[in-house]
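As structure tokens, the structure follows; a few thoughts come after it.
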Amino acid sequence: MRKLLAGLGFAAVLAACAGGAVPGLMMSMPAEVTAASPHIVAALGDPRRPEADRERDALRHPAEILAFIGVRDGMRIADIGPGGGYYTRLFSVAVGESGRVYGVDRPGAAERPRPLAAIAPLYPNVTHLTAGYQGWTIDEPLDAIFISQIYHDFYLPQLSIDVPRLNREMFAALKPGGVLVIIDHAASAGSDISVTSTLHRIAQEQVVADLTAAGFVLDQESQVLRNPADDHALRVFEGDIRGRTDQFVLRFRRPA
């Protein structure tokens, strides 16, 4: 079997070099997603994006993040903790009309609604869920789950989240082969989970241990948000480091 696959791979390379294609093999392979892919460029250029979001782009590198996730037309994505909708807006345009984005949010109140409540109606393929970060349900399997800068918050006592259970729920919500991408503020290696409450950081190895225990496989790490000048002993909201923390970007995969 390995020899057959190797032969097919070699044949595909030869065909590509010769300007041809292997019927049924090359046609089934999706084009590579890059920061310059048309659907990502369209997402960044969405005229509905507020100027405040555009100003954050230089620090957040959204094109590279969407490419790292592998966002494509037609995908189903859950954006957990969408906040003001920075990434929700981008996902909506990038997945196109045939795609779907779920903003998994905390409950709001009549006098203080969640920010995404005003944004979701502008994007027909966005569904705003407000049952909380845990216990949410979606009636279709997901291609990707995205969590930016709040995984550490799941350990805060006031949120009353069972983190191992949540991680198992996310595993179950994904299609086999689907991805979970986590961005978070890096704590010093070996830091106790208590730094979540004091510094709003989390050690990368803690996240890896959590997710692999739930069945995920660490697929890849991006360095695009790394900042070696960050002092990991600082709270993420302090002074000049706010918005410029050292952040890890991890992609986990549910085994196919």
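Summarising the strand pairing of the chain, around 40 percent of its internal DSSP beta bridges are antiparallel. Approximating the spin labels as points 7 Å out from Cα along Cα→Cβ, the Thr130-to-Glu169 distance works out to 1.8 nm.
Once you have a ≥ b ≥ c as the square roots of the Cα gyration tensor eigenvalues for the range 53-175, tell me rounded if a/c is under 1.5, and otherwise prolate or oblate according to whether a/b is larger than b/c.
Rounded is the answer for the range 53-175, as its axis ratio a/c remains below 1.5.
Ligands, DNA and RNA excluded, the heavy atoms of Arg253 present near 80 Å² of accessible surface to a 1.4 Å solvent probe.
Neighbours of Ile138 by Cβ distance under 14 Å: Lys/Arg scored +1, Asp/Glu scored -1, total -3.
Within the range 107-256, antiparallel bridges make up roughly 65 percent of the DSSP beta bridges whose residues both belong there.
Label the chain by shape, choosing from rounded, prolate and oblate, from the square roots a ≥ b ≥ c of the eigenvalues of the Cα gyration tensor; if a/c is under 1.5 it is rounded, and otherwise prolate applies when a/b is larger than b/c, oblate when it is not. Since a/c reaches 1.5 and a/b is larger than b/c, the shape of the chain is classed as prolate. Bridges between two residues of the range 40-151, per DSSP, are antiparallel at a rate of about 5%. On the protein heavy atoms, probe 1.4 angstrom, tell me the percent of accessible surface of the chain carried by carbon and sulfur. Looking at the chain in its full context, I get 57 percent from C and S.
Probing with 1.4 Å while keeping every protein chain in the model, the per residue accessible area of the chain equals 50 Å².
Report note on the peptides 233-239, 205-211, 141-147: ranked by the mean count of other C-beta atoms within 10 Å, highest first, their order is 141-147, 205-211, 233-239. For Glu238 and Leu218, FRET efficiency with R0 = 30 Å and r from the beta-carbon atoms, rounded to 0.05? Approximately 0.50, to the nearest 0.05.
The values are calculated or read from the model by the stated rules, or taken from the named source; none is laboratory data. Quick caveat: nothing in here was measured; it's all calculated off a predicted structure. Every residue, glycine as well, gets a Cβ built from its backbone with ideal geometry; the counts of neighbours run over all protein chains shown. Heavy atoms of the whole protein, side chains included, go into the accessibility calculation; ligands, DNA and RNA do not. Shrake-Rupley method; radii C 1.70, N 1.55, O 1.52, S 1.80 Å.
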